[in-house]
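Beneath this line is the structure, given in C-alpha cells, with notes to follow.
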Amino acid sequence: MNILLAFAPFLAFALIDRLVGATEGLVAAAIIALAMVIRDRVNGRSPKILEIGTALLFGGLAAYALFVKPDWSILGVRLRVDAGLLLIVLATIALRQPFTLQYARESVAPELWDSPQFLRTNYVITAVWALAFAVLVIADLVLIYRPDIPPKFGIFATVLALLGAARFTRSYPDRVRANAA
C-alpha cells in the first residue's frame, strides 16, 4: 500500500533517533523523503503532497539541527516531527486536497475520482490520520510535561494510533462500497 510507504521517512526517523540520535534521524528521514519525491518524478508521476511536505519538514528540521545545533530533547524533536506531520495533513484538508486522494486515485478508475462518495471517503480517511497524529502530539506533550509518566505510554499511544489509522485505511473503502451496494 503506497500510502503506508509514504510514512517510511517517519519510521526511519523513529528508528535512527532511538539508535543513533535525533539529528542523524532527521537527516536520514530527509534523505528518504527527498528520494521518494525524486522516485515519483523519475517514474513520470507527480510527487505526492504528503511526500513533498515530509521532505520539507525533515529537510528544514535537519538543516536547523545541523547548523543551529539546538538543545532539543528527544521528545522535543518528536513533538516537532509529529506536529509537523499533523499540520501537513490538516493543510491538505484545508486546501481541499486530502492527502489520501493522490494514493487512492492510483487504484481507482478515473471515472470515480470526482464522485461525492470517493471524495468523502478520502476526507474521512485523511481525518482519521489527522486524529492519529493528534494523538501522537498529545502523547509527546504528556511525556514532556509529565516526566513521571513512563515512556511506554508514548510507545503504546503511537502504536495504537498508527495501527488504528492503517487498519481503518484498509477497511473503510470496503465498508463504503458494501454500504453503497
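Would you mind telling me which numbered condition in (1) within 18 Å of the chain's Cα centre (by Cα); (2) part of a helix (DSSP H, G or I) Arg96 fails?
Among (1) within 18 Å of the chain's Cα centre (by Cα); (2) part of a helix (DSSP H, G or I), the lone unmet condition for Arg96 is (2).
Taking the criterion of being touching a helix residue (DSSP H, G or I) at 6+ places or on another chain (Cβ under 8 Å), assigned to a helix (DSSP H, G or I), surrounded by 16 or more Cβ atoms within 10 Å (Cβ to Cβ) and of a type in the set (Phe, Trp, Tyr), would at least one residue in region 67-78 satisfy it?
Among the residues of region 67-78, not one is touching a helix residue (DSSP H, G or I) at 6+ places or on another chain (Cβ under 8 Å), assigned to a helix (DSSP H, G or I), surrounded by 16 or more Cβ atoms within 10 Å (Cβ to Cβ) and of a type in the set (Phe, Trp, Tyr), which makes the answer no.
Considering only region 105-128, state which residues are assigned to a helix (DSSP H, G or I), surrounded by fewer than 21 Cβ atoms within 10 Å (Cβ to Cβ) and not hydroxyl-bearing (Ser, Thr, Tyr).
Within region 105-128, Arg105, Pro110, Glu111, Leu112, Pro116, Gln117, Phe118, Leu119, Arg120, Val124, Ala127, Val128 qualify.
Scan region 25-46 and tell me whether some residue there is touching a residue at least 60 places away in the same chain (Cβ under 8 Å) and either part of a helix (DSSP H, G or I) or surrounded by fewer than 13 Cβ atoms within 10 Å (Cβ to Cβ) (or both).
Within region 25-46 (the criterion being touching a residue at least 60 places away in the same chain (Cβ under 8 Å) and either part of a helix (DSSP H, G or I) or surrounded by fewer than 13 Cβ atoms within 10 Å (Cβ to Cβ) (or both)), the answer is no, since none of the residues qualifies.
Out of Ser46, Ser73, report the one residue that is more than 27 Å from Tyr145 (Cα to Cα) and of a type in the set (S, T, N, Q). Break it down into steps so the answer makes sense when it comes.
On the way: Ser73 fails: more than 27 Å from Tyr145 (Cα to Cα).
Among Ser46, Ser73, only Ser46 is more than 27 Å from Tyr145 (Cα to Cα) and of a type in the set (S, T, N, Q).
Quick check on my filter: what residues within region 47-66 are assigned to a helix (DSSP H, G or I) and over 14 Å from Phe10 (Cα atoms)? Write out each step before concluding.
Step one: filter region 47-66 for residues assigned to a helix (DSSP H, G or I), giving 49-66.
Across region 47-66, the qualifying residues are Ile49, Gly60, Ala63, Tyr64, Ala65, Leu66.
What are the residues in region 140-181 that are over 30 Å from Ser115 (Cβ atoms), aliphatic (A, V, I, L, M) and without any contact (Cβ under 8 Å) to a residue 40 or more places away in the chain, if any?
Applying the first criterion (over 30 Å from Ser115 (Cβ atoms)) to region 140-181 yields 140-160.
Still in the running and aliphatic (A, V, I, L, M): 141-144, 149, 155, 157, 159-160.
Scanning region 140-181 gives Val142, Ile149, Ile155, Ala157, Val159, Leu160.
Mind telling me which of the residues Thr100, Thr126 ends up being among the polar types (S, T, N, Q), within 24 Å of Thr169 (Cα to Cα) and modelled with pLDDT of 95 or more? Show your work before the answer.
Values: Thr100 fails: modelled with pLDDT of 95 or more.
Exactly one of Thr100, Thr126 is among the polar types (S, T, N, Q), within 24 Å of Thr169 (Cα to Cα) and modelled with pLDDT of 95 or more, namely Thr126.
With (1) at pLDDT 95 or above; (2) more than 15 Å from Ala166 (Cα to Cα) as the list, and Ser115 as the residue in question, which single condition is left unmet?
(1)
If you check Ile125, Ile88, which single one turns out to be under 15 Å from the mean Cα position of the chain (by Cα) and within 22 Å of Val37 (Cα to Cα)?
Ile88
Taking into account only those residues within region 129-179 that are closer than 16 Å to Leu79 by Cβ and of a type in the set (Ser, Thr, Tyr), which is surrounded by the fewest Cβ atoms within 10 Å (Cβ to Cβ)?
Tyr145
The values are calculated or read from the model by the stated rules, or taken from the named source; none is laboratory data. Bear in mind that the values here come from a model prediction, so they are computed numbers and not experimental data. Ideal geometry is used to build each Cβ from the backbone, glycine not excepted, and the neighbour counts take in all protein chains shown.
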